[in-house]
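One structure, pasted below without further comment.
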């Protein structure tokens, strides 16, 4: 399987999932949900969906709610992205923004010292 095909499928899944999360699954309890990236296996059977959660008291709980609704999301993605095999969606919390903020704060503190 070529790397180009995998990257294209990752982009298609991300493009299909992003509006679904905003429109159907985002509420005050879950905060702002954003799909930051999708990693799919070479056989296109499993997709790890990295999600950032802003404004939720418990991001892990929001991620758990997504995991419970993974079947419905998988079906919705299948209706938008036509593939031979509909990949299983595994949601993972993306802590990239928090890491960036921590690094920025450390750099600022190093500058002032």
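No lab work stands behind these numbers, since they all come straight from the coordinates. Keep in mind that what you see is a predicted model, and the values were worked out from it rather than measured. Every residue, glycine as well, gets a Cβ built from its backbone with ideal geometry; the counts of neighbours run over all protein chains shown.
If I build a Gaussian network model for the chain, linking alpha-carbon pairs within less than 10 angstrom, which residue out of 103, 13, 40 has the largest mean-square fluctuation?
103
If you average the C-alpha positions of the range 40-62 and of the range 87-113 separately, how far apart do those two centres end up, in angstrom?
16
Still on this structure, I have one more. Taking the beta-carbon count within 10 Å as an exposure proxy, list 34, 112 from fewest neighbours to most. Could you put the intermediate results ahead of the total?
Working: 34 16, 112 6.
Exposure proxy ranking, most exposed first: 112, 34.
What list do you get for 99, 50 if you sort them by fewest beta carbons within 10 Å?
Values: 99 10, 50 18.
Fewest-to-most Cβ neighbours within 10 Å comes out as 99, 50.
Counting C-alpha atoms alone, how compact is the range 3-112: give Rg to one decimal and Dmax as a whole number, in angstrom.
In Å, with Rg to one decimal and Dmax whole: 15.7, 56.
Compute a Gaussian network model of the chain, connecting alpha carbons closer than 10 Å, and tell me which residue from 23, 48, 80 fluctuates the most.
Ranking 23, 48, 80 by mean-square fluctuation puts 23 first.
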